[in-house]
Protein chains: 2
Amino acid sequence: MEKYDELIDLALRRGFFFPAAEIYNGPAGFWDYGPLGVTLKNKFIQLWREHLVKRDGMLEIDGAQILPQTVFAASGHLEHFVDPLIECSKCGTFYRADKLLSEKLGRDIPESLSCEEFDKLIGQAKLVCPRCKGKFKPTKKFNMMFSFSVGPRADEIVGLRPETCQSIFLDFPRLFRICRAKLPIALAQIGKAFRNEISPRQALLRQREFTQAEIEVFFNPERANEFEKFDQVADYELVMQLEGQSKPKKIKCADLVKKKIVSSKLIAYYLALLQQFYEKVGLCDFRFRQLGKDEKAFYAIDAFDFEVKTEIGWIELVACNYRGDHDLGGHQAGSKKNLTVLDEGKKVLPHIFELSMGVDRSIFCLLLQAIALEKVGKEERLVLRLPPRLAPISVAIYPLLNKDGLPEKAMEVYGQLKGWFDVIYDSSGSIGKRYRRADEIGIPFCVTIDHQTLKDNTVTIRDRDSMKQERIKIAELVNWLGKKVCG
Amino acid sequence: MEKYDELIDLALRRGFFFPAAEIYNGPAGFWDYGPLGVTLKNKFIQLWREHLVKRDGMLEIDGAQILPQTVFAASGHLEHFVDPLIECSKCGTFYRADKLLSEKLGRDIPESLSCEEFDKLIGQAKLVCPRCKGKFKPTKKFNMMFSFSVGPRADEIVGLRPETCQSIFLDFPRLFRICRAKLPIALAQIGKAFRNEISPRQALLRQREFTQAEIEVFFNPERANEFEKFDQVADYELVMQLEGQSKPKKIKCADLVKKKIVSSKLIAYYLALLQQFYEKVGLCDFRFRQLGKDEKAFYAIDAFDFEVKTEIGWIELVACNYRGDHDLGGHQAGSKKNLTVLDEGKKVLPHIFELSMGVDRSIFCLLLQAIALEKVGKEERLVLRLPPRLAPISVAIYPLLNKDGLPEKAMEVYGQLKGWFDVIYDSSGSIGKRYRRADEIGIPFCVTIDHQTLKDNTVTIRDRDSMKQERIKIAELVNWLGKKVCG
């Protein structure tokens, strides 16, 4: 947990993120992003938009977070979006029955069991409160949606969306029509979702309010293999851990289709797009994990979790599910509207393949992978090895001394760069101290203005990772940095 | 209402925005942005970030939308964030007492009256239900916050923030410390806010869920005139309508300070920054309207509404309020934390000047100003004269015909431009029809590839506003467009 603890400390100390309403000791599971965190998140989102949404020609929407309860009745959330909750009859502590039983029994207890089944298992396992040894009250199903009413009459029940995708399903009929779209078509959305978690934990990993980026691909199931774009990725290898295997291996998309590991070219293509996005972002040690029958939702056909290896284990970043016609079928029944569309002259209720990405957890895991405590001579340095394209601040400008005209020259360089990059000017403390401050927030390049600069208009650029310096002309700075930061 | 109706029709037809959950006839006051709307909104936000946040060196945060009720007790929202609500005893329709009385009496009835005062006025005015002539039940105060509980015990009451600024006030102490900041310092945030409006209306203008961009400037009231940056705007003229005047006039910032129309250089500077931002965005016909005593909040010292003139009247886009120490004082008392900071060695509870911007309404008014129905010969064209920097799509690429190698050449040009601009390729229908489709969504430049292109690598560029065409070399396209779109 060394890196995890180091990261939380850094986040609080430098303001990447910190608990919301902390001066009021607000409830757990809500976090604010500070300035560095906002910039990092925005850069992540920009890459998502460029390398997934625009690259594939997806349609992006931005839907309301509050939706009528009728939507969640049709989507199944009212009934099924529940956690099994047990309360100690003695000290009143709440637990998730499945989690506590899984720990006690050393095997996975699915959350989908009935209350009666949980009570029976609790009896058999003689499960008592870990805190006070009290007995548990009977299991209840706790709905994780935040619901309330809207309007003065208080008779319209609404809920905060527990996932962003519902807006996409609802908007699909209009957008398909007005964009003169043809199947297959992908719709994307980035925004907040909300879940009343029983025990939020691990900072950005399990929050009650969080940012999702979801992509829903609508397609005709009969034509999911007529998919030209697949050729672009046929030879591209996915890191894939199949059901029953203990290690991931690389498998070409063409082979995934041929061996029927994925059910169509369309699905293989979007899995590839996703992995390419995370490669672009600079994530390491990832895998697609094929879910077993007991793990996947009842409607899921293909189901993979995109996971990343960190110090605290494999973390799920994206749920990839072929959901069949579960969603549009449910909303067709719930809204009594016809949601079929024409494809090659035939009416089709489109099937959906979903990529459901956790944005905050992606950022948290990128930070976890980036943070390092390193020996430098006899000292230690804390460094955040974020890819330059993601680092909140790309360049720091330092005058070597606060005299001899160096600050003026440094401000001149700062002025030249700030239209192009996220730059800071820092003149306080020794250069060594400035490097340490820059390293821990991941500034990839530090530019120092010294006496030689005044003579020949050259500066030193110090590389965060190698700690090596090189001398280059001021006139070449924008190009040099441009290649490293954007390239 | 011609433009307003035209805009709503366009928004639905081309997907700028449309009602949320429309297939379920969801509750009023919730809207989704479609693809064109998302891009427009993102470009607006990018300009906000560049020309306000970064230009001034503000710190941007992104806070949780759900905050504990203790925050809203301290901020005064629990008690004061209420609308006077009356219900017809016959047909059960709800109205805002102040609005209905204002209409009936032909003068402004402030919403802050007590229930008893409203009942008395209703009696005197013999106010009955406009729908069924029924009598009204006694006035009630209706709190506009959405509140609910969090956690399995349901004993932690939380609310959706009715304004984004509360997170900024709460985060200020930590950020001031860790950013080694000095007063004055501005914090900014863009995000959702929520109000349970009694009667949401006018599309994006009065929603129950909406996007705000708020800036809070923290400063030492004793040093608000020691503000060097003011010199940059001393001669810049604000469009200012003073209390009691019927028309706005231009007043230099230096004169606003000299004549004590604003209480400090700091406030004049931020008003100027705001107006410059809206000029950059391309808004016309705006004014700062100085609020009278009966209009401003009890804590407000300087109070101006930044408004824009549209077909449906003057619309408030930004509330500019010098809030004194109301906010930090309230949270200091509520949280029992010391929120003073050091300024020049002295402890100060900072005062706050706030710019509270409605993002959706800004976008809606920009669209309202941009839309036009024009005669072109004997025909009419609908055109959206959005500034090129805001237009969701900057360039359309058309092959004149779908043969003779023109589509291939056009795709080549499309490929060259799409890394630089938001571009579409459109080959369907006559060029005239394509222009009409482009005009109504505000595409400023249409590039046509014709037979001459194949001979000399030139294309025609047609300007949306003048409808004139000019011929230029493909090699010069990126530069030519860059100047027009980003310049």
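The values are calculated or read from the model by the stated rules, or taken from the named source; none is laboratory data. All figures in this text were calculated on a predicted structure; none of them were measured in a lab. Here the Cβ is made from the backbone with ideal geometry for all residues, glycine too, and neighbour counts use every protein chain on show.
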Based on what the data block shows, is residue A:398 away from chain B (no Cβ under 14 Å), within 25 Å of residue A:472 (Cβ to Cβ) and crowded, with 20+ Cβ neighbours inside 10 Å?
-> yes
Tally time: how many residues in region A:81-104 are among the hydrophobic types (A, V, I, L, M, F, W, C) and over 31 Å from the mean Cα position of the chain (by Cα)?
-> 2
Breaking point among (1) assigned to a helix (DSSP H, G or I); (2) surrounded by 15 or more Cβ atoms within 10 Å (Cβ to Cβ), for residue B:124 = (2)
Within region B:285-303, of all residues that are touching a residue at least 40 places away in the same chain (Cβ under 8 Å) and in a strand (DSSP E or B), the one farthest from residue B:262 (Cα to Cα) is B:286
With the first residue restricted to region B:117-133 and required to be without any contact (Cβ under 8 Å) to a residue 40 or more places away in the chain, and the second required to be of a type in the set (Ser, Thr, Tyr) and in a loop (DSSP other than H, G, I, E, B), Cβ contacts under 6 Å at 6 or more apart or on different chains are B:118/B:139; B:119/B:139
Might you check whether a residue that is closer than 30 Å to residue B:3 by Cα, under 20 Å from the mean Cα position of the chain (by Cα) and in a strand (DSSP E or B) occurs anywhere in region B:157-166?
-> no
Answer residue from region A:1-29, given it is within 7 Å of chain B (Cβ to nearest Cβ), over 21 Å from residue A:43 (Cβ atoms) and in contact (Cβ under 8 Å) with a residue 12 or more places away in the chain and is surrounded by the fewest Cβ atoms within 10 Å (Cβ to Cβ) among those | A:27
Within region B:166-179, identify whether any single residue is of a type in the set (Ser, Thr, Tyr), at pLDDT 95 or above and buried (at least 24 other Cβ atoms within 10 Å of the Cβ), and answer yes or no.
-> yes
Taking the residues in region A:457-487 that are assigned to a helix (DSSP H, G or I) and of a type in the set (Gly, Ala, Ser) as candidates, determine which candidate is surrounded by the fewest Cβ atoms within 10 Å (Cβ to Cβ).
-> A:475
Filter result (part of a loop (DSSP other than H, G, I, E, B) and touching a residue at least 40 places away in the same chain (Cβ under 8 Å)) within region B:405-430 | B:405, B:420, B:421, B:422
Take residue B:159 and decide whether it is buried (at least 19 other Cβ atoms within 10 Å of the Cβ) and farther than 20 Å from residue B:355 by Cα.
-> yes
In region A:145-161, which residues are modelled with pLDDT of 95 or more and farther than 14 Å from residue A:327 by Cβ?
-> A:145, A:146, A:147, A:148, A:149, A:150, A:157, A:158, A:159, A:160
Is it true that some residue in region A:86-98 is among the polar types (S, T, N, Q), farther than 27 Å from residue A:355 by Cβ and surrounded by 20 or more Cβ atoms within 10 Å (Cβ to Cβ)?
-> no
Within region A:127-156, of all residues that are part of a loop (DSSP other than H, G, I, E, B) and within 27 Å of the chain's Cα centre (by Cα), the one farthest from residue A:68 (Cα to Cα) is A:144
Residue check, residue A:372 against (1) surrounded by fewer than 22 Cβ atoms within 10 Å (Cβ to Cβ); (2) part of a loop (DSSP other than H, G, I, E, B); (3) out of contact with any Phe, Trp or Tyr (no Cβ under 9 Å at 6 or more places or on another chain), all met but one. Which one?
-> (2)
Restricted to region A:198-240, and to residues that are surrounded by 21 or more Cβ atoms within 10 Å (Cβ to Cβ) and among the charged types (D, E, K, R), which residue is farthest from residue A:175 (Cα to Cα)?
-> A:208
Tell me which of these residue A:263 doesn't satisfy, since it passes every other one: (1) closer than 30 Å to residue A:98 by Cβ; (2) touching a helix residue (DSSP H, G or I) at 6+ places or on another chain (Cβ under 7 Å).
-> (2)
Please give the number of the condition residue B:468 fails out of (1) more than 30 Å from residue B:8 (Cβ to Cβ); (2) among the basic types (Lys, Arg); (3) touching a Ser or Thr at 6+ places or on another chain (Cβ under 8 Å).
-> (3)
Have a look at B:335, B:356 and point out the one that is modelled with pLDDT of 95 or more, farther than 30 Å from residue B:464 by Cβ and touching an Asp or Glu at 6+ places or on another chain (Cβ under 9 Å).
-> B:356
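Residue-wise test of (1) more than 30 Å from residue B:194 (Cβ to Cβ); (2) over 27 Å from the mean Cα position of the chain (by Cα); (3) not in a loop (DSSP other than H, G, I, E, B); (4) not basic (Lys, Arg).
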position: B:362; (1), (2), (3), (4): no, no, yes, yes
position: B:432; (1), (2), (3), (4): yes, yes, yes, yes
position: B:438; (1), (2), (3), (4): yes, no, yes, yes
position: B:453; (1), (2), (3), (4): yes, yes, yes, yes
When you go through (1) closer than 30 Å to residue A:210 by Cβ; (2) among the small types (Gly, Ala, Ser); (3) crowded, with 19+ Cβ neighbours inside 10 Å; (4) more than 10 Å from chain A (Cβ to nearest Cβ) one by one for residue B:151, which number turns out not to apply?
-> (4)
Identify, from the list A:403, A:409, the residue that is loosely packed, with under 15 Cβ neighbours inside 10 Å and either more than 30 Å from residue A:475 (Cα to Cα) or not hydroxyl-bearing (Ser, Thr, Tyr) (or both).
-> A:403
Region A:174-227, subset more than 11 Å from chain B (Cβ to nearest Cβ) and among the aromatic types (Phe, Trp, Tyr), residue nearest to residue A:44 (Cα to Cα) | A:218
Residue in region B:30-50 that is farthest from the other protein chains (Cβ to nearest Cβ), counting only those that are under 24 Å from residue B:62 (Cα atoms) and among the aliphatic types (A, V, I, L, M) | B:47
